[in-house]
1. Any residue at all in the range 279-286 that's touching a residue at least 24 places away in the same chain (Cβ under 8 Å) and among the polar types (S, T, N, Q)?
2. Over 15 Å from Ile466 (Cα atoms) and either in contact with a Leu (Cβ under 6 Å, 6 or more places away or on another chain) or part of a loop (DSSP other than H, G, I, E, B) (or both): does that describe Pro551?
3. Across the range 402-422, which residue is modelled with the highest pLDDT among those that are crowded, with 22+ Cβ neighbours inside 10 Å and in contact with a Gly (Cβ under 8 Å, 6 or more places away or on another chain)?
4. Where the second residue is buried (at least 24 other Cβ atoms within 10 Å of the Cβ) and modelled with pLDDT of 95 or more and the first is closer than 17 Å to Asp257 by Cβ and of a type in the set (Val, Ile, Thr) and lies in the range 298-326, which pairs have Cβ atoms under 8 Å and are six or more apart or on separate chains?
5. Can you name the residue in the range 585-630 that is closer than 19 Å to Thr572 by Cβ and among the aromatic types (Phe, Trp, Tyr) and is also nearest to the chain's Cα centre (by Cα) among such residues?
6. Within the range 554-578, how many residues are under 30 Å from the mean Cα position of the chain (by Cα), in a strand (DSSP E or B) and among the hydrophobic types (A, V, I, L, M, F, W, C)?
7. Considering (1) open to solvent by 50 Å² or more (accessible area, probe 1.4 Å); (2) under 23 Å from the mean Cα position of the chain (by Cα), say which one Tyr300 fails and leave the rest.
Amino acid sequence: MKRLASIIAFAVVFCFFGHEVKAQSAPLSERMTATVMDIWSDSLWTGRPFKWTYDQGVVLEGVSAVWQRTADKRYFEYIKKSMDFFVGDDGNIRTYDKNSHNIDNVKNGRSLLLLYNVTGQQKYLKAAQLLRHQLDQHPRTKEGGFWHKKIYPNQMWLDGLYMAQPFYAEYSAITNDTKAFDDITNQFVYMENHSRDAKTGLLYHGWDESKEQKWADKTSGRSPHVWARAMGWYGMALVDALEYFPAEHAGRKKLIDILNRYAEAVSKVQQPSGLWYDIIDVPNGKGNYFESSAASMFVYSLAKGVRQGYLPQRYLAVAKKAFEGMKKEFVEEVNGDKINLKGTVSVSGLGGKPYRDGSFEYYMSEKVITNDPKGVGSFISAANEMEIAALAKAGAGKTVTLDYYFNNERKKDALGREVRHHYTWEDQSNGGFWFWKNAFNFEGAKTGRLEVAPSATNLKHSSVYIIVDPDTEKEAAYPNFVSDKDVTAISSWVKAGGVLVLMSNDVGNCEFKNFNKLAQAFGITFNEDQKNTVTGKQFEMAAVMVPAGNPIFRTAKKLYIKELSTLKLSGTARPVITHKGDVVIATAKVGKGTVFAIGDPWLYNEYVDGRKLPADFDNFAAAKDLSKWLLQQAVTK
C-alpha cells in the first residue's frame, strides 16, 4: 500500500507540474487569442445583434499582431473568416451605414487593408474604399476635426482618433496620398489642443466645440474627467498612425512630440501596482478601480513607441511594471491553453439616450466585466508587444539594408499605379519580405532600402546588405546590372566588417553574368541551374533537411527551397547546407566581414507566413534563425 500510495502521489505531482509547464509554455498573447477563438469561434459575440462594430476590429488587431509574430495560419484564417461574414464579393459591407457618419465604423478598415495587402482580393479593397469615402463626407468642426458621430454634433472624443486615424494613415500610405497626412496630423493636434490639461498633461475624454452639451465646460468645452480608456485609445492611435507617416513629413515630428508628452503624463499617474484608475484625475474617488483595457492600451502604446524609436527607452520600464501588475490583477487562468481577462468596463460615453453627463458617478455606474472584446483585443496587442520586447536584441544599433537598385521590378497595382514588385520590405503579399523584415525588427534592428548603386558613402551605416534576384532585361526595361565599380565598393565594405547576403534565383529568372562577378569576388559562383523543382503541391519535392548542430539554423530542421540555383565554391567559401550532393547554402569570411549565399529568394512571404506550406516545414523559424545569425556577425555602424 505504501508503494501504491507513493506511485499515486508521484503521478499527482507529475500531472500538477506537467500542467504548470504547459500553462507557461504558450505566451499570454496566444493564450488570450485561444480564448477568443473559443468563445467567439464564429467571430461574433453571442447574444448581440449581427453588426459591423469596432469591438471586433480591436480584437482582430491583436490577432493580426500575433499572426505576424508567429506565422500561425489559424490566426490569419480567423481574421479572414471574421471579415467575410460582412464583406460581399462586390465589396459592400453588410449592416454598415455610411450615412450614420459614425467614426467607430471606420476602425475595421485596418483588417480589410491587411486582407487586401496579403491576398490581393479586390473585395477587401472596395470595402476599404467605402470607409475611406466616409471620411471625405464625414462632418467636421469648424477647424476641420472629425465629429465623433453625426448624433454627437460638434464633438471630438479621444476614442475617435483610434477609430479612424490609423486606417486613414495606412490607406494613404498604400495610395501614396501624401497630402492626407496633413489632415491626419491635424486631427491629433486639434484633439490635444482642446483636451489637454496644461498642468498634468492628461487628456479629457471629449470636447464640444459648441459648448452646448450638459457635460461640456462652458469655457473650454471639455468633458469633466480623464477617462483612462479614452487616453488609451489616443495613445494607440498615435503609435499605429505614425507607422505609416512618410519619414520627411513635418507631421511625423509633431506626432512624436505629442506622444512624448502623452507618455510623460501617463507615467506620472501610474500607481504603485503598475496600473491606472478608471478615472485618472480622481484617484481617491469612492468606487474608483483599476481598469484592464486602459492598462493594456498604455502598455501597448509605450512598448511599441519604444520599439519604433518614438519614445526613450525608459518608458519600457513603465510598460513592464504595468504588464506585471496586469498579470496579477486581471489575468485569470482557465487552463494551460487559455486565460480570461477581468476588470474591463463595458462602455463609457458622453451624452446620448439615456443621457451620460460625464460625472465621476456616471463612470462608476457602468458595468465591469470579464472578456470584453475591447479589453481582450488590446490585451492581446499589449502582450504581443511585451513578448517582442523580451526577445534578445542581436540587432540593437544595427541597420539591415535591402537592395532596391539591382532588383527594381515594377507592375501596375489595382489602383493603376506603378509600384515595386517582388522582394521588398513593404510588400505583405506572397512575393514580399514583410515577415523577414519583422524578424529583423523584432531583433532590434532597423530596416532600410537602397535605391541607387552601392557606394562607400551609402553603405557606411549598414551592418547587413541584402541583394536579391537582380533583374534581367525581361523583368525591367532598363535593368541595373552589377558593374565592376559596384563589386569594388561592396567588396571593400565587406572587408571592413559588412555582412553581405546574396540571393539569386533559378536559371531563366535571374541575371547571372554580372551578379556572378560579385559572388565570385568571395569564392562563390551561382551555377545557373534549376534544382528542387516541384509538381503542384508536392512540397516534399523541395524539402531540404538541416543537419544537426548547424551553426546558422539552430531551430529550423526542415526547409522548403524550390527551383534553386546550386553553388560552386572556392577560396574561403564554405558549404553550410548541401542537398543530394549539391551545395545549397554557403558562407565566406572575407577580411572582417561575412558573406551568405543561396540560389533562391526563399524567405518571401508565400513560404514564411504559414498560409501555404505544411506545418512540418520550418521556413519561418529559418527566417528568424538567419536574421539572428546575420546580426550576430555584424558590427554596429
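The values are calculated or read from the model by the stated rules, or taken from the named source; none is laboratory data. Note that this is a predicted model, so its numbers are computed, not measured. All Cβ positions, glycine included, derive from the backbone under ideal geometry; neighbour counts span all protein chains shown. Just so you know, the surface numbers come from the protein's heavy atoms only, side chains and all, with ligands and any DNA or RNA stripped out. Shrake-Rupley method; radii C 1.70, N 1.55, O 1.52, S 1.80 Å.
1. Looking through the range 279-286, none of the residues is touching a residue at least 24 places away in the same chain (Cβ under 8 Å) and among the polar types (S, T, N, Q).
2. Yes.
3. Looking at residues that are crowded, with 22+ Cβ neighbours inside 10 Å and in contact with a Gly (Cβ under 8 Å, 6 or more places away or on another chain), I get Leu402.
4. These pairs meet every condition: Val306/Ala319.
5. So the residue we want is Trp629.
6. Within the range 554-578, residues that are under 30 Å from the mean Cα position of the chain (by Cα), in a strand (DSSP E or B) and among the hydrophobic types (A, V, I, L, M, F, W, C) number 1.
7. The single condition Tyr300 does not satisfy is (1).
Residue-by-condition table, conditions (1) at pLDDT 95 or above; (2) of a type in the set (A, V, I, L, M):
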{"position": "Ser429", "(1), (2)": "yes, no"}
{"position": "Trp434", "(1), (2)": "yes, no"}
{"position": "Lys437", "(1), (2)": "yes, no"}
{"position": "Gly444", "(1), (2)": "yes, no"}
{"position": "Ala456", "(1), (2)": "yes, yes"}
{"position": "Ser462", "(1), (2)": "yes, no"}
{"position": "Ile466", "(1), (2)": "yes, yes"}
{"position": "Glu473", "(1), (2)": "no, no"}
